[in-house]
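Where a number appears in this text, it was derived from the coordinates with a stated rule and is not lab data. Since the structure is predicted, the reported quantities are computational estimates derived from the model, not experimental observations. As a convention, Cβ positions derive from the backbone with ideal geometry for all residues, glycine included, and neighbour counts pool all protein chains shown.
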């Protein structure tokens, strides 16, 4: 890939990322497509999110409980598990699961439409592929990923509770009182702001990769893999940047 | 008038079209022949402004489309309709919804009127039994018919573009598709709907077209009617059109 092609790709990605969310404010709005995508991204991902979250909550609780037990501080397991899940692990783990399931699905579906000339047909009929195909996927991801994160966080906390109450044999009510204590604006905001950004990044990257597919089955494999790999990298990188920014904005000292 | 002026297009280091120039009237019935990978489909995409050439001009109805924005190209694209190889049907929609797609998008018609139009088109193309089927349940021939019906639902184009419409079909189905293509472009110029078909199946091209172009190494090396095609002395072209002489009876 030469420099000119590289700049063109960055330009195309930039245009898609800007036009896609703006599309919701321009007629026609493809409500049916948005609902369909919300169903696929949200309801369709619920099971994997519940499963991943439950086991992350339990594993984290086991680790923290064992380590704090050595220090004689086992009763504070709930506090550490709660903050870790809500501010950091929950949003990132669920975003990674979302990229693996929904991002790869978006890239392969749009890639298949590219190879089958369906995207060309839309353009021939004067329909913007970004408005028709990308906007519903971006909107559905921005809406559904935060909702999934809230549900996932709650399930993780229940997983943590199970370990604390039934494996470590500590007080369950004390666990929940610690969780209640950490439910302050700063922690909730830090945990909820991230999924909006992650959802936007995953959907834009995956749709761009799908719409730039060429070269048959190998090209489709390449674009789907790139969508998941790039989304994963961007989730991890942006998580670090967002954490720095949020800590600064919320006045929390490191 | 569709006019290519010194059009150059490359994919990486591979030059697909090399200073390609030709003129086609909207009402003409033209077949662009050539082997696989010679850039036949690329020509159709260039006509529709789906891709832009590296160099040269493409003039449609006096307007240079190579400098147009996506929104300006919409009016140009309305002059054409295209049937891609294997139909390019929307696989999440039924036959009815595929044909109704354009009408629902921007016709402003009521659902009853759309249904009426869709049924009329589906009847005309002989696919009534498939109206509720999904694309994956259709045979290759049926998919092409649905694609043609969907193209016509968008309005009457000046020129229909066909990308290998009979590839992968059995001879009988190919004959039916060719007959349908010819019937749609029947009538006298300049009022008739023209067609540009790109194919490597010479016998099928002979059934629907009056003018033939042969694309080789990014250039048009032959441009003429059936009589001059058969009389060509170019050994390579003669080898390419050999099937015309062997199965001429069927045409």
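Per-structure values
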| read-out | value |
| --- | --- |
| Folded to 0 to 90 degrees: helix B:111-124 orientation relative to chain B principal axis, Cα | 50 degrees |
| Using alpha-carbon coordinates, inclination of helix A:216-249 to the longest axis of chain A, degrees | 50 degrees |
| 222 nm mean residue ellipticity, helices alone, for chain A (DSSP H n ≥ 4; -39,500 (n - 2.57); rounded to 500) | -25500 deg cm²/dmol |
| DSSP beta bridge pairing in the protein assembly as shown, given as percent antiparallel to the nearest 5 | 55 percent |
| Sorted by Cβ density within 10 Å, fewest first, the residues A:175, A:14 | A:14, A:175 |
| Rg in Å to one decimal, and Dmax rounded to a whole Å, for the range A:29-249 via C-alpha atoms | 19.9, 70 |
| Estimated FRET transfer efficiency when R0 is 35 angstrom, pair residue B:19-residue B:230 (beta carbons, to 0.05) | 0.80 |
| Using a Förster distance of 60 Å, the FRET efficiency for residue B:55-residue B:170 (Cβ separation, nearest 0.05) | 0.90 |
| Label-point separation in nm, residue B:113 to residue A:158, each point 7 Å along Cα→Cβ | 5.2 nm |
| Rounded to 10°, Cα long-axis angle of helix A:3-22 versus longest principal axis of chain A | 70 degrees |
